[in-house]
Every structure is written in C-alpha cells, then in structure tokens.
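*Asks:* This is the structure I want to talk about, given as structure tokens.
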Amino acid sequence: MKNWKSKIIGGGLRVSAFVVLLILASIILYVLVLGIPQLKPTLFQWKYNSENVSMMPAIINTLLMIALSLTIAIPLGIGAAIFLTQYKKEGAVVKVIRMTSETLSGIPSIVYGLFGNIFFSTYCGLGYSLVSGALTMAIMILPLIMRTSEEAFLALSKGLEESSLALGAGKLRTISKVLLPSAMPGIISGIILGMGRVLGESAALIYTAGTATGMAESLLSPARTLSVHMYALTSEGLHMEEARAVAAVLMVLVLIVNFISNRLGKMVGGKNE
Amino acid sequence: MSEKMKTENLHLFYGEKEALKGIDISIGEKQIVSLIGPSGCGKSTFLRCLNRMNDLIKDCRIEGKIYYNGLDIYSPSSDTAKLRKNVGMVFQKPNPFPFSIFENIAYGPKTHGLRNKVKLQETVEKALSEAGLWDEVKDRLNSSAMGLSGGQMQRLCIARALAVEPDVLLLDEPTSALDPISTEKIEELLLTLKDRYTIVIVTHNMQQALRISDMTAFFLLGEMVEYGETTKMFYSPQDKRTEDYITGRFG
C-alpha cells in the first residue's frame, strides 16, 4: 500500500520537474531557432538607421545601464546590509527599513518607471536619459541587493567575528577584512539577480531612459536598451524578423552575464570551498 | 613563579542575573590552568572576561578587578586591542577565516601593522611550526583553510592566535568538537607551548584536565568552589562538591 503511494508521488514529482524543463527548454529553443537565422551583419552596424535597425547602440546602452545602475546600487545595498546586521541590529529603524525594502521589491516595475519619470526625468530635470534610467533601475534592484547581502551577513558564523576581535582587530577591520569577504559569494548572487532585472527591464526604462535609437553619448543622453529596443521593434510591427534576432541576442547576453558572474563569484568566493 | 593574571572579587551580571559571584584567582606564569565544572557554571563566561570578550554582549556588567601583569584591564586607560593581542583566544568550534592558510595566520600580524613581506612569511612559518602544523601545510599555504580537517583547523586557529605573539592563551573547550586523535595532538601541543605561554583552558573532559594542567579550578553555579594543584584536587579534593563532581556523581 505504502509502496504504491510513494510510486504515485514520485511519479508526480518527476512529471512536474519534466514539465518545468520542457517549458524552459522550449522557450529557449523557440527564441534561438526563430532568432538566429535572422542575424545578419547589418544588425550590428555601429549606427542605427531605419534601414538596418541595428541593435549595436542598444547593446552598448544595455551594458552602460547595467554598469551605472550597479555602481549606484551595490555600495548602497551592501552599506545598508552592513548597517542592519553589524550596527543597528534591532529597533524601530531596522523594522522600518526591512518593511520598506520588502514592499519595494513587490512593486511592479511600471510603477518605478512612472516614479522615475516624474521624479528624475521631470522634477530633477534629467529628462529621458541614461542617468534617469540608471537611477530608477538602482532603486528597483536596491532591495534585492540589500536583502541578499543581509542574508549573507546573517549566515556567517559568529565565530568569525569573535576570532577577529580576539586577535585585537577593531570592528571596522573585522567587517571589511573578514566579514565582507566571507559574505561575498552571497552578495554576488544578489548582484547577479539585480543585473538580470536590469537586462530584462523594459517598462520602467521606456519612461525614464527613453526610446531614442542612438548610442548614449553622455549620462544625459537617452539610451534605448535591448529590451526596450525589442519592444519598440515589435510594437512598430515593421521589423518582426529583426525583433526575433534581438530576442536571441538578449538571451545569449543573459547567458554570458550569468556565466561571467558565476566565474567571478567562484574567483572571489572560491577560497570559501 | 610570577603571577600573570589575577582577578579580585569578580562579579558578572547578564542583566539582573548574576553569572559570576566573586571569583578570586591567581594564574601563574607558564602554567596550564584548567577550568572545570558542569554546563552553565560560568567557566566560559569567566574565561571571556580575561580578554574582555564579554564587552560584546549587551547588558553584560562586570564588578571587581582583573589584572594582567599587574595592570587593571578594565581601567579606562586600558587598550582592549593591545590586551587581546597579549591574551589570545581559541574557541570551541574551529573557525578559520574563509581565506588561504597563509592569510589566516597573517591576518593578526597585519592587524597590528606588520607589512614587510619577508617578516610576514617568517611569522607565519613560526606560528605554524609552533602549532605543529607547518609540515602538514607548508606545500599548500595558498590553498583554502576550509579544506583542512577539523583537528588541523583547530591547530590553525591556535597558530593564528600565536602569530600575534601573545603570552597568555585562553582556550574554550578547544577539543570538544574533535576526534580522540586530534584531541591528543592538541593536548601534546599545549604541553609543548607551556614553556613559553600561560594557558587557561576550559574543558568538559576531566581526564584532559588531569593530563595536561598544573592547576585546576572547579566552578559551580557561578562560584569557584575550589582551586589548587590538579593532582591534589583530583586525588584529595577539599570540598564535598568537588569530590562529587570529579567522581561523577553529578554534572
């Protein structure tokens, strides 16, 4: 009787795993099979025009957007995590910060877009620009990076801190030389998730970084990222084949980013094994 | 024999709860002192007073005096970092930093300002040799300390503590997480370290106290019931409670 039950449950679990795999694999295959044949050299020309609909400017913009938003979000996120785990461990302030960050991570990205549009683009006068987009993205991924960093610090054994202090090290040195490096693998996984969100974001960026087709020449120029580019091509409906090619490139880019960050994580955290 | 550390009427409170009730003890130089007693008797708490590790604990208050080389370690002019450099500590659970073996040992000396590469190298080798670990790890100084066995990790932690050149070493049940062979190695190591260091060790293992220590202090419910030469204490305890404990009637 028992054996019979466990067989059914085991079978059910296997089926669900298989279905998940099937869905993922078919999406990836679908995107690559439709997209790769559409790739052609003109899509990678340095300058965009309505003839070649080159995605090169969008690729560069995407990389700039990721770099800039991470530059803003990483120090803030890690700093807040250190404050919450090493300095102010309890109390009303901590509760408020935690609640805020949890709420923020549940807000739809379009809301961030509208906020960024009103605050950064309009009120601060930054317009549709790389920097408006990056600031908005930074706010969006901040809770993610903060929470994962916080978890990483909380997971560290108390013994690490005590050993460092017992050697006569001060609090600051203990945090920067022992706790931060020890928490790095966890922090990096948060950063990877953040990168993924910037890479895939379109709604929030349309309202803040704009849809102009050129490569960003300064922080204040508009910058259409790959996801936005793809959205624009599809909604215009004139270049569906090229949009498919963009999807394939975006997919490959995601894989590359994940691969590099994994490598980086292993290099920094490799000493951890 | 000169006196290395001394406490006078030491009381410690966790909030309202009194965890140490007036401890007077004198620890002689280059001796091994064992602190024994049942769980919760205050022996670890007492040990952590000696290098001010209890400072980290919220609502922890201390009354009385603790002297290191005749200087009051809780006086406002006392430098905690310097005290901890002189009075090193090894914890119950081996807890190497997730760095290379070399970096684990070099961390302490670097903390105290040693930058010279050659000197660092020498210090690391000396500390590892003192801890009896050099021959086992000399070919893999740059690999992670997390790859060592439990016993090796604990000896690494001892080496890490020795690298800042302390003269007192506090050990909080250093072998309770280790197998018998690793335990034996650490005990042998402590006996060789006795020539140069004053050692205070908390242990649950009475055989261990008997094997390695010169003096033993028996703690019970926050009081130090008896303190004296180890063999005397084990073979002719003065207090009934000590006798009951070491003969296994409780604890």
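The values are calculated or read from the model by the stated rules, or taken from the named source; none is laboratory data. Everything numeric in this text was worked out from a predicted model, so none of it was measured. We place every Cβ from the backbone using ideal geometry, glycine too, and count neighbours over all the protein chains shown. Ligands, DNA and RNA are excluded from the accessible area calculation, which covers all protein heavy atoms including side chains. Shrake-Rupley method; radii C 1.70, N 1.55, O 1.52, S 1.80 Å.
*Asks:* From largest accessible area down, sort A:Phe18, B:Phe99, B:Phe46; use a 1.4 Å probe on the protein chains.
*Replies:* Ranked list, largest accessible area first: A:Phe18, B:Phe99, B:Phe46.
*Asks:* Can you compute the helix-only [θ] at 222 nm over chain B? Use -39500 (n - 2.57) per DSSP H run of at least 4 residues, normalise by all residues, nearest 500 deg cm²/dmol.
*Replies:* Helix-only estimate at 222 nm: -10000 deg cm²/dmol.
*Asks:* Can you work out the Karplus-derived ³J(HN,Hα) for every residue in region A:220-236? Use 6.51 cos²θ - 1.76 cosθ + 1.60 with θ = phi - 60°, whole Hz, and x for glycine or proline.
*Replies:* 9, 8, x, 8, 7, 8, 4, 4, 5, 4, 5, 4, 5, 4, 5, 6, 6
*Asks:* Once amide H atoms are built 1.01 Å from N in the peptide plane, which residues 5 or more positions from B:Glu226, or in another chain, come under 5 Å H to H?
*Replies:* Sorted by chain and number, the residues that satisfy this are B:Phe218.
*Asks:* If a/c stays under 1.5 just call it rounded; otherwise compare a/b with b/c (prolate if a/b is bigger, oblate if not). Do that for the protein assembly as shown, with a ≥ b ≥ c from the square roots of the Cα gyration tensor eigenvalues.
*Replies:* Values: a/c = 2.63, a/b = 2.38, b/c = 1.10.
It is prolate, given that a/c is not under 1.5 and a/b is the larger ratio.
*Asks:* Check cross-link reach from A:Lys177 to the aspartates and glutamates: straight Cα distance under 15 Å, and skip same-chain residues fewer than eight apart.
*Replies:* A:Lys177 reaches A:Glu161, A:Glu162, B:Glu103.
*Asks:* Can you run phi through the Karplus equation (6.51, -1.76, 1.60; θ = phi - 60°) for region B:156-171 and list ³J(HN,Hα) in whole Hz, with x for Gly and Pro?
*Replies:* My calculation for region B:156-171 gives 4, 5, 5, 4, 4, 5, 6, 5, 8, 6, x, 10, 10, 10, 9, 10 Hz in order.
*Asks:* I've got another one for you. Amide H neighbours of B:Ser100 under 5 Å, counting only residues 5+ apart in sequence or on other chains, H built in-plane at 1.01 Å?
*Replies:* Counting only residues 5 or more places away or on other chains, the set is B:Ala145.
*Asks:* Moving on to the next point. Which residues does a label at B:Ser129 reach in region B:145-163, if reach means a backbone N under 16 Å from a point 7 Å past the Cα toward the Cβ?
*Replies:* In region B:145-163, the label zone of B:Ser129 (backbone N under 16 Å from the point 7 Å along Cα→Cβ) covers B:159-160, B:162-163.
*Asks:* Okay, moving on. Students sometimes get this wrong: rank B:Cys60, A:Cys124 by accessible area, probe 1.4 Å, all chains present, largest first. Please report the intermediate quantities before stating the final value.
*Replies:* On the way: B:Cys60 35, A:Cys124 65 Å².
Highest to lowest solvent-accessible surface, that is A:Cys124, B:Cys60.
*Asks:* In nm, to one decimal, how far is the modelled label at A:Lys2 from the one at A:Leu76, with both set 7 Å along Cα→Cβ?
*Replies:* 5.6
*Asks:* Label B:Asp139 and A:Ile260 with points 7 Å out from Cα along Cα→Cβ: what is the distance between them in nm?
*Replies:* 3.8
*Asks:* Work out from phi, with θ = phi - 60° and the Karplus expression 6.51 cos²θ - 1.76 cosθ + 1.60, the ³J(HN,Hα) of each residue of region A:206-211, listed in order in whole Hz, and give x for Gly and Pro.
*Replies:* Once rounded to whole Hz, the list reads 4, 7, 10, 9, x, 10.
*Asks:* What does the charge dipole of region A:39-272 about its Cα centre add up to, to the nearest 20 debye, if the Cβ of each Lys and Arg holds +1 and the Cβ of each Asp and Glu holds -1?
*Replies:* 760
*Asks:* Report, in listed order, any pair from A:Lys88/B:Lys43; B:Lys4/B:Lys30; A:Lys89/B:Lys58 with a Cα-Cα distance greater than 18 Å.
*Replies:* Long pairs (Cα-Cα over 18 Å): A:Lys88/B:Lys43.
*Asks:* Distance in nm between label sites at B:Glu243 and A:Ile118, each 7 Å beyond Cα in the beta-carbon direction?
*Replies:* Label at B:Glu243, label at A:Ile118, 8.3 nm between them.
*Asks:* Solvent-accessible area of B:His112, probe 1.4 Å, all protein chains present, reported in Å² to the nearest ten, please.
*Replies:* So the heavy atoms of B:His112 present about 70 Å² to solvent.
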